[in-house]
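The values are calculated or read from the model by the stated rules, or taken from the named source; none is laboratory data. Remember, it's a predicted structure, so these values are computed and weren't measured experimentally. Please note: Cβ atoms are built from the backbone with ideal geometry, for glycine as well, and neighbour counts cover all protein chains shown.
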Amino acid sequence: MAPSAEQISMTWKVSTGLGYDDNTYQSPRSPYIDYAASAVSVYPQAKSGFFVPYEAKLDLAKNREFNSRLLGSASLDGKFYPESGLSEANTFNAEISGGSEYVLSGERKSLDKIYVGALLEKHENVYVDHESGSSKTTTMTGADFEGRNSYTSIGVAAKYKRRAGDIDYIISGQYILNDYQDPGVISQLDHSYFALDVEANIPINPNSALNLSYDHTVRNYSSRHARDALGAEITANPMLAYTYNGFGAEWSKLVSPEWLLFLDYDHTRRADNFERYDESRENRYGVRLSYQQGRFKTRLALHHWERDYPNGFAFDVAGQGAKTYRGNILNLRAELEQPNNSALWTELNYKAQNTTDLRYEYVRFLIMAGISWTL
């Protein structure tokens, strides 16, 4: 029987709680000499405090015809730091998207779908001095530009899903215009974003599968200039343009009815399309493990990543050593389902970043607990 054209389905989730952040502004872990600021000595002091994490998401679907339906979603998330000395760390992200999904004709049409839609986003991100947590200001005039990393986005998206035999394929693309706040005193980060992703999920046996992916991304900036071979970002240089090519592999294994194991690997290369100063190569690999029994479920993820800039200098100062980054990320989350579609949850996040550019070397630990509701 064909579904009713008026049939509407809705799902939503709301989550909040309380968390503690031991290094709110990602302050460097030890004193250092800042060669980008005339070799001055810097003595950072990490700021810590409590915050309120929040998240809400709504998904809607309405059948229009036998082979199509309207889809829409809205979401917001962020962190609110109630202490006055940490208010610069507040973050906020909101997104609205919607479009049409079509079931393509053919013998296996229920497995072949295409989605075309639009999206609108708003992001308020942290952009402060890592050593003090105070607003970012220019060295010469002291002008404030803390809003430089906050922006709105508008764009279009498309996704094609197909199954051939036992293999699932997904091809997706996005074109987005990102409009950043104008700091006035330094370059604005406005840019266009184009992404094309291809993914294949290949079953190996009834208990394991291999997921392979490739993504191609281009960012073209309209106001920011590229760096030259000495690391200088001057107006004589052309506008900055980055091209990314990434490859990923994920192996999953159902170890038992309760345990599911994932092994991940990703490799990404970035080209700066000018004198290659900001080209980078990044490798990321790790393990994820999930467990579920009855009303209780938990997941653990541990990843290590390495990013090298073959032509870059630490502190972006010619003559310094090569610019390299190394990091480890640990995430642990547990949930216990409660009556009335609610759940109690707790989460731990740990991130350590080591780099030859000591301005960005830090350790950060967050722990949270709260409650969520779904329908």
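Checked against (1) assigned to a loop (DSSP other than H, G, I, E, B); (2) under 18 Å from the mean Cα position of the chain (by Cα), Q320 meets all criteria but (2).
Among the conditions (1) surrounded by 17 or more Cβ atoms within 10 Å (Cβ to Cβ); (2) in contact with a helix residue (DSSP H, G or I) (Cβ under 9 Å, 6 or more places away or on another chain); (3) not hydroxyl-bearing (S, T, Y), the only one that G49 does not satisfy is (1). Summed over the range 206-228, residues that are assigned to a strand (DSSP E or B) and farther than 15 Å from E250 by Cα total 11. Please determine, by comparing only the residues of the range 113-133 that are in a strand (DSSP E or B) and under 30 Å from R29 (Cβ atoms), which one is modelled with the lowest pLDDT. Among those that are in a strand (DSSP E or B) and under 30 Å from R29 (Cβ atoms), it is V128. Applying a threshold of 7 Å to beta carbon distances and a minimum spacing of six or more residues, or different chains, the list of pairs starting in the range 55-66 at a residue that is within 9 Å of S9 (Cβ to Cβ) and among the aromatic types (F, W, Y) and ending at one that is modelled with pLDDT of 90 or more and in a strand (DSSP E or B) is empty. For the structure I just gave you, tell me whether D264 is within 30 Å of A334 (Cα to Cα), of a type in the set (D, E, K, R) and crowded, with 16+ Cβ neighbours inside 10 Å. Judged against the criteria, D264 is a match. Screening E250 with (1) touching a Leu at 6+ places or on another chain (Cβ under 8 Å); (2) in a strand (DSSP E or B); (3) more than 30 Å from L344 (Cβ to Cβ); (4) not small (G, A, S) gives one miss only, at (3).
Within the range 330-349, not a single residue is closer than 30 Å to T243 by Cβ, surrounded by 15 or more Cβ atoms within 10 Å (Cβ to Cβ) and in contact with a Lys or Arg (Cβ under 6 Å, 6 or more places away or on another chain). Scanning the range 81-95 for residues that are part of a strand (DSSP E or B), hydrophobic (A, V, I, L, M, F, W, C) and crowded, with 16+ Cβ neighbours inside 10 Å returns a single hit, A94. Among the conditions (1) at pLDDT 95 or above; (2) surrounded by 15 or more Cβ atoms within 10 Å (Cβ to Cβ); (3) within 24 Å of E121 (Cα to Cα), the only one that G98 does not satisfy is (2).
Is it the case, given these coordinates, that E335 is part of a strand (DSSP E or B), touching a Gly at 6+ places or on another chain (Cβ under 9 Å) and among the acidic types (D, E)? Answer is no for this residue. Being closer than 29 Å to A343 by Cα and touching a residue at least 24 places away in the same chain (Cβ under 8 Å) holds for only one residue in L230, L210, L261, L240, and it is L261. Of the candidates R307, R359, R288, the single residue that is under 30 Å from D34 (Cα atoms), buried (at least 16 other Cβ atoms within 10 Å of the Cβ), in contact (Cβ under 8 Å) with a residue 12 or more places away in the chain and under 18 Å from the mean Cα position of the chain (by Cα) is R307. Within the range 173-192, residues that are within 21 Å of D215 (Cβ to Cβ) have Cβ atoms under 6 Å from residues that are β-branched (V, I, T) in these pairs: Y175/V156; L177/I154, counting only partners at least 6 apart in sequence or on another chain.
Scanning the range 81-103 for residues that are touching a helix residue (DSSP H, G or I) at 6+ places or on another chain (Cβ under 9 Å) and among the hydrophobic types (A, V, I, L, M, F, W, C) yields a single hit, V103. Here N207 fulfils each of the conditions (1) more than 21 Å from F315 (Cα to Cα); (2) surrounded by 15 or more Cβ atoms within 10 Å (Cβ to Cβ); (3) out of contact with any Phe, Trp or Tyr (no Cβ under 9 Å at 6 or more places or on another chain) apart from (2).
The condition of being surrounded by 13 or more Cβ atoms within 10 Å (Cβ to Cβ), at pLDDT below 95, over 20 Å from the mean Cα position of the chain (by Cα) and more than 25 Å from N349 (Cβ to Cβ) holds for only one of R64, R29, that being R64.
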